[in-house]
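Here is the structure we will look at, set down as structure tokens.
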Amino acid sequence: MHKGKGMKFVGDSRVSAERKSNIPKDYSEYPGRTEAFWPNFLLKEWLVGAVFLVGFLTLTLAHPAPLEGVADPTSSSYIPLPDWYFLFLYELLKYQFASGPFVLFGILVLPGIAFGALLLAPFLDNGPGRRPHQRPVAVTMMLLAVASVVWLTYESASVVNWEERAEANKPIHPDEMTVDTSHPGYEFYEANCMTCHGGNLEGTGAGPALLDTEKTAEEIATIAREGIGGMGPNMFQGSDEELEKLVDFIVSSKQDGE
């Protein structure tokens, strides 16, 4: 019997007879479509980032943000506002369909749909083209998002005079504070309030400033007896007459400091 007689060799079509290298082709084989990540592409990214960073720093130096005074939780007249990059969400809550009984729709549903759509945009429009007209879904969604954010931010910021707001709420310099120690109510302030509110009514970490408070005399008297926030009740232990002198001292000092 001859060697190999009666034997058959079966080939598998799923296995390629040619060996292919696992090394990808060089980017130069695709002229005009791609480039080397290092250093060509990365250098361009760094240059663009540097330009925007320098521009942003120049803007902050030319127009510094107006600073207000220390936050006072006892002031009911102060209207807090979010930072500028959240103003569009703040403005959204002013519309009827996103406020009042529909506030959850405004703070959860609408933003969730908007940001979720942006996350899904690459999957909804995954064409190979790079030009805007070749990616209509993704480009349309991005333009709509940018336009909405810009418009809502503009609408919210246009009704607020930031310079006047900062001027009205700026901290009072200690040199501008005047306290009449000869006032009949000063001794009661010294005994009951100075530890938390400071010797010049400037406020400390334990208590807010009283020199620039918007509270009326009746409100100050009520707070002294009943407390507010972290200030417990019955912090003032004097008589009604002594309380009246204390309140008059705080009110008169506030008027002198304005």
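Quick note: the coordinates plus some simple rules give every number you see, no bench work behind them. Source: prediction; values computed, not measured. Counting neighbours? That spans all protein chains shown, and the Cβs are built from the backbone with ideal geometry, glycine included.
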Inset, instruction - Calculate one ³J(HN,Hα) per residue across region 246-251 by plugging θ = phi - 60° into the Karplus curve 6.51 cos²θ - 1.76 cosθ + 1.60, and present them in order as whole Hz with x for glycine and proline. - result: 4, 5, 4, 5, 5, 5
Inset, instruction - Work out the FRET efficiency for Leu119 and Thr216 from their Cβ-Cβ distance, taking R0 = 45 Å, and round it to the nearest 0.05. - result: 0.35
Inset, instruction - Show me 55-65, 117-127 ranked by packing, highest mean number of other Cβ atoms within 10 Å first. - result: 117-127, 55-65
Legend entry - Cα-projected label distance for Met194 with Glu164, points at 7 Å along beta-carbon direction, nm: 4.0 nm
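Would you please report the Å³ per residue occupied by the convex hull of the alpha carbon atoms in region 34-126?
Values: hull volume 17.4 nm³, N = 93.
Dividing the Cα hull volume of region 34-126 by its residue count gives 187 Å³.
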Inset, instruction - Could you calculate the contour length gain from Leu57 to Glu241, that is, 0.36 nm times the residue separation minus the distance between their Cα atoms, to one decimal place in nm? - result: 60.6 nm
